[in-house]
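These notes concern the structure reproduced below.
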Amino acid sequence: FKGIELEGKTLGLVGCGRIGKIVARFALAFDMKVLAHDPYPDKSFAPGAGFRYGSLDEVLAAADIISLHCPPSKDDPVVNAAAIAKMKKGAHIINTARASLIDEAAVLAALDDGRIAGVTLDAFEKEPPDDWQLVKHPRVVATPHIGGFTDESVDRAVDVAVDNLIEALKA
């Protein structure tokens, strides 16, 4: 399969907290435009001229690549059939946050009919998944929730756990 070049593309971030901000900076370094949606936007975050906040509908309509960095929705998945209908034809979806953010059946249908060009997954409801249809799709790249599993991330997690334990013992 042919790849795509990132330069000049628009990255849509759904969630622009700590991780979303890091992803935004990386995308800007690749000369991408970044359109972010966050229910509580950090107005002080202005990493470059190619970055701005917008509504979820704006992100879905404008983005060539949509990357999810938000907590699970209380209602419907963020990426469901209605959201997919608003996306650019040929968009890519990246979900490294929570499996419940996407409606797997709707995403699979959109992959099959060509509406979505590709999906990258690093979050699943159950590992290994019960249903392998989406994972085995030829335009899906899937990893077993190891996208952030590095020596450094483990060290940070241990530091946070120790700090939390110390704070709890002080109380």
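Need one number: % antiparallel among DSSP beta bridges in the chain, to the nearest 5.
Details: 0 of 25 bridges.
Of the beta bridges lying entirely in the chain, close to 0 percent run antiparallel.
Treating cross-link reach as a plain straight distance, find the lysines whose alpha-carbon is under 29 Å from the alpha-carbon of residue 89, omitting any fewer than eight places away in the same chain.
Within reach: 2, 9, 21, 33, 74, 136.
Taking square-rooted eigenvalues a ≥ b ≥ c of the alpha carbon gyration tensor, is the stretch 1-71 rounded, prolate or oblate, where a/c under 1.5 means rounded and, failing that, a/b exceeding b/c means prolate? Please list the in-between numbers first.
Working: a/c = 1.74, a/b = 1.40, b/c = 1.24.
Prolate is the answer for the stretch 1-71, as a/c is 1.5 or above and a/b outweighs b/c.
Label the stretch 130-171 by shape, choosing from rounded, prolate and oblate, from the square roots a ≥ b ≥ c of the eigenvalues of the Cα gyration tensor; if a/c is under 1.5 it is rounded, and otherwise prolate applies when a/b is larger than b/c, oblate when it is not.
Cα axes put the stretch 130-171 in the prolate bin.
Please identify every one of the chymotrypsin sites (Phe, Trp or Tyr not before Pro) in the stretch 1-62 that sits in a loop by DSSP and has no more than 11 other beta carbons within 10 Å of its own beta carbon.
On the way: sites: 1, 26, 30, 45, 51, 53; in loops: 1, 30, 45.
Passing sites in the stretch 1-62 are 1.
Under 14 Å between alpha carbons, and skipping anything fewer than 8 positions from residue 43 in its own chain: which aspartates and glutamates qualify?
The qualifying aspartates and glutamates are none; the list is empty.
Which loop trypsin sites (Lys or Arg not before Pro) in the stretch 46-117, with loop taken from DSSP, have no more than 13 other Cβ atoms within 10 angstrom of their Cβ? Walk me through the numbers before you get to the answer.
Working: sites: 52, 74, 86, 88, 89, 98, 115; in loops: 74, 88, 89, 98, 115.
Here the sparse-neighbourhood loop sites are 74, 89.
Report the convex hull volume per residue for the stretch 62-141, counting only C-alpha atoms, in Å³. Intermediate values should be presented prior to the final figure.
Values: hull volume 6.8 nm³, N = 80.
Expressed per residue, the convex hull around the Cα atoms of the stretch 62-141 is 85 Å³.
Would you pull out the residues with amide H under 5 Å of residue 142's amide H, same chain only if 5 or more places away, H placed 1.01 Å from N?
HN-HN under 5 Å from residue 142: 121.
Considering only C-alpha atoms, what is the centroid distance from the stretch 30-50 to the stretch 117-158, in Å?
After rounding, the separation between the Cα centres reads 25 Å.
Run the accessible area of the chain with a 1.4 Å probe and give the carbon-and-sulfur part as a rounded percent. Don't skip to the answer; put the middle values down first.
Details: 6000 of 10360 Å².
Accessible surface attributable to carbon and sulfur in the chain totals 58 percent.
Is the chain rounded, prolate or oblate when judged by the Cα gyration tensor, a ≥ b ≥ c being the square roots of its eigenvalues, rounded requiring a/c under 1.5 and prolate requiring a/b larger than b/c?
Values: a/c = 1.74, a/b = 1.25, b/c = 1.39.
Oblate.
Go through the stretch 79-159 and name the GluC sites (Glu not before Pro) that are in a DSSP coil and have 15 or fewer other Cβ atoms within 10 Å of their Cβ. Walk me through the numbers on the way to the answer.
Numbers: sites: 104, 125, 152; in loops: 125.
Those satisfying the criteria are 125.
What's the Kirkwood radius of the stretch 41-82 in Å, using all Cα pairs? Don't jump to the answer; show the numbers that get you there.
Values: mean 1/r = 0.0808 Å⁻¹.
By the Kirkwood definition, the hydrodynamic radius is 12.4 Å.
The values are calculated or read from the model by the stated rules, or taken from the named source; none is laboratory data. Since this is a predicted model, take the numbers as computed values, not measurements. All Cβ positions, glycine included, derive from the backbone under ideal geometry; neighbour counts span all protein chains shown. To get the accessible areas, we keep the full protein, side chains included, count just its heavy atoms, and leave off ligands, DNA and RNA. Shrake-Rupley method; radii C 1.70, N 1.55, O 1.52, S 1.80 Å.
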